[in-house]
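> Sharing a structure, written as structure tokens. Questions coming.
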Amino acid sequence: MQPRSMKDHLEKQIFRQAGLGFALIFVISLTVTFFLAKYKMSTDLEKSADALVSAFRSRILDGNVKAAQKQMARVLSLRDSESVNILNPDLTKYYLSPGEEAAQFQPCSDVGITCFEGFLGNAKVFLPIYFDIDGGKLFGYLYLNRKIQFDFLYVCIVFLIFSIGYIALLMGVANISRQSLTELSEDLLSWSTRLKENPKQVGQLSNAPFSELAPLREAIKGLNAQIETFELRAGEKAKLLTLRGIAHDILGPISQVKLFLATLEKKSLSEDSSGLIAEIKNSVAKVSAIASQVKSLNSSAEDAEPLNLTNAVLSETAKLAQLPRLTSKNIKVRPNISTADTVFSRITDTEVSRILQNLMQNSADASEIGASIEVNLSLKQGFAVLRVKDSGGGIPESIQEKIFEPDYTSKSSTGTGLGLFIVRHIVEQRDGTIEVKSEVGLGTTVSIRLPIVEIKPEFTEQSYAI
């Protein structure tokens, strides 16, 4: 089903509200006319009663009450449901027809002021009649009861006036609304079209025409961020698969090269040849180590048995401290296990070795001769926190976001761009996180958080000669 446009929807709502407005105007006109008729009836009735008392007062006081009442009725042209009577001070009829019983009339709250018998009942008024002009002694009351008269011409005039004003107002509002709706539709259409053509362009998102679209703008930004993350992950997986294939292909020839080198070593060679073979062996070892790391990376790691992380970190740190890359620069490794308990996490010895090897080699490359590298293991909020800290040259802030990419390296001659990528890959497969804090000239700290599965309070600190 094709969704209707915002413009059509709003125009339909405007006409609907206009129809309700006309109905409301009609009800208001009738209501206003009714109350105006009641008010007019009140004033007319009070004037009529006052005029009757003035005109017939002398005849009433002379005792000719019956004739006065009849003449009043003829003057007022009373209908069957209307009446005029002269009442005694106790509000009973002064003149009773033969067989008529005396009955007291229900007075209004104020003498001389019109009141009504119910909401739609007749209007009535009680006007006092005095013996003297000064009103010193009460003779009785003139009682006048009449129906409310509706002036339908008046009703039509009032309704017409209201309708003309409402139509004029409606036309003005409709014209303004139509212009606003057209502008709104065009702005929204233009914005959505630009987003359709290039949804990732930040400038288009920030140029949202109305503040009400801010949640939509933020939602699109969030989607773009997710898409970029998925694209990055997909690209890394593709690179990882490619690298694993290349590593697999490389390891075969390397094995053959190692075999040939072993054969050459058994033959009598000159000292120059021996040195050359040693350099070749070192180079082949490096290539073999890199290829082995890449090949062993899985796109989805299998669940590992809980590993004694405390002993694994201490043992691996002691081994790596003897690497030529560290000893050649006289770099000291300072392990620090800030917990007295044995910590277990689901990770393998090989993965711990790769993590520490890559991090410590990077720290060694960035450190000066005689510097030190700290390896810390602590507990924090259910996680084991492994930190490798150096005091080297640091990483510029402009490239800190790139260091985990599989093809980025700041060491143009010796770097492969795989070290930190491999570390992050392993950590994320084990539901952990990795964070780098670095300042140029002050050093770098890499912090890794791994989930803890078990803690045993029987750890006995082991001593390693580092």
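> Give me the percent of Cα-Cα pairs in segment 302-456 that sit more than 25 Å apart, rounded to a whole number. Please report the intermediate quantities before stating the final value.
Numbers: 3090 of 11935 pairs.
Above the 25 Å cut-off, segment 302-456 has 26 percent of its Cα pairs.
> Over its Cα atoms, what ratio of radius of gyration to 2.2 N^0.38 Å does segment 6-153 give?
Working: Rg = 22.3 Å, N = 148, 2.2 N^0.38 = 14.7 Å.
Output field value: 1.51.
> For segment 16-148, give the magnitude of the charge dipole about the Cα centre (Cβ charges: +1 Lys/Arg, -1 Asp/Glu; no others), in debye to the nearest 20.
500 debye
> Considering only Cα-Cα distances, which of the following residue pairs are longer than 24 Å: Lys40/Lys137; Lys47/Lys137; Lys40/Lys147?
Values: Lys40/Lys137 31 Å; Lys47/Lys137 22 Å; Lys40/Lys147 12 Å.
Over 24 Å apart, Cα to Cα: Lys40/Lys137.
> Got a sec to turn the phi values of segment 350-359 into Karplus ³J(HN,Hα) couplings, 6.51 cos²θ - 1.76 cosθ + 1.60 with θ = phi - 60°, whole Hz, x for Gly and Pro?
Values per residue, Gly and Pro as x: 4, 5, 4, 4, 5, 4, 5, 4, 5, 5 Hz.
> Quick one: compute the contact order of segment 302-456, relative version, from alpha carbon pairs under 8 angstrom and 6+ residues apart, as a percent. Don't jump to the answer; show the numbers that get you there.
Values: 299 pairs, mean separation 40.4, N = 155.
Relative contact order comes out at 26 percent.
> Would you pull out the residues with amide H under 5 Å of Arg334's amide H, same chain only if 5 or more places away, H placed 1.01 Å from N?
Close amide H contacts, sequence-distant or interchain: Ile373, Glu374, Val375.
> Let me ask you something else. Arranged from highest to lowest average of other beta-carbon atoms within 10 Å per residue, in what order do the peptides 75-88, 350-363 appear?
The densest-packed peptide leads the list: 350-363, 75-88.
Just so you know, all these numbers are worked out from the coordinates, no wet-lab data involved. Please read all numbers here as calculations on a predicted model, not as lab measurements. Note: ideal-geometry Cβ built from the backbone for every residue, glycine included; neighbour counts use all protein chains shown.
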